[in-house]
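*Asks:* Submitted below is the structure of interest, expressed as structure tokens.
The values are calculated or read from the model by the stated rules, or taken from the named source; none is laboratory data. All figures in this text were calculated on a predicted structure; none of them were measured in a lab. Methodologically, a virtual Cβ is constructed for each residue, glycine included, from the backbone with ideal geometry; neighbour enumeration extends over all protein chains shown.
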Amino acid sequence: MRETLHLAMTALSAYVLCGVVYFVQVLPRMLRYRLVERMPHVDASLLLIRGEFDATSPRRFHSRLVAVARHARRWEIRGASHSIINAHAVGAADLIVRHADDALGQRGRVPAEQAAVPPPPHAGIGVVVSALRERFSEWFSALRGDEAGVERAKERHARILWRAYSRSGSDPRRGQKP
């Protein structure tokens, strides 16, 4: 309930794309997977990030995971809900980089204002229409079982978003205009 309309629509479109059958098959297995039992077997240093209002990943659960892990950090983004990777990607990326550099405390909280993704500086109605067109192309390709079409639509969608956020408009992989 605390996600933005954009994130709610993104999630809803993903659910439509995956279909009910996918959730009927995958969700029960996912819920049976016992992270608490497997966490002690992980050798890597772990970073657990959650949103303050994430009902599907409560603070208490993160505390249990950290308690059984060999080496884990627990961080929270204030004011955030479940979709931190989308709505608070700036903060999540900063935490991940600091974790990888071993420059992050064991636990803490990041203000939502520091973590939030700013609005795209180069977006307008044309960007929205283009992004929606590629999302529909992805859905129709998925309905036809055309995995290559899904891949092409996702790549075009990513390029549209890149141009909306990028000052140069260059291709992130080649340093050229897409």
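*Asks:* Restricting to the stretch 1-21, count the residues that are part of a helix (DSSP H, G or I) and either in contact with a strand residue (DSSP E or B) (Cβ under 6 Å, 6 or more places away or on another chain) or in contact (Cβ under 8 Å) with a residue 40 or more places away in the chain (or both).
*Replies:* Final tally of qualifying residues: 6.
*Asks:* Check whether at least one residue in the stretch 48-56 is touching a residue at least 12 places away in the same chain (Cβ under 8 Å), closer than 26 Å to I96 by Cβ, in the same structural domain as N86 (by TED's automatic domain parsing) and loosely packed, with under 12 Cβ neighbours inside 10 Å, and report yes or no.
*Replies:* Yes: one or more hits.
*Asks:* Another question, then. Residues E52, E113, E138, E134: which one is more than 30 Å from C18 (Cα to Cα) and of a type in the set (D, E)?
*Replies:* Only one candidate passes the filter, namely E113.
*Asks:* A further question follows. Among the residues of the stretch 149-156, is there at least one that is under 18 Å from the mean Cα position of the chain (by Cα) and modelled with pLDDT under 90?
*Replies:* Within the stretch 149-156 (the criterion being under 18 Å from the mean Cα position of the chain (by Cα) and modelled with pLDDT under 90), the answer is no, since none of the residues qualifies.
*Asks:* Ok, one more. Quick check on my filter: what residues within the stretch 50-77 are of a type in the set (K, R) and within 16 Å of the chain's Cα centre (by Cα)?
*Replies:* Residue satisfying the conditions is R50 alone.
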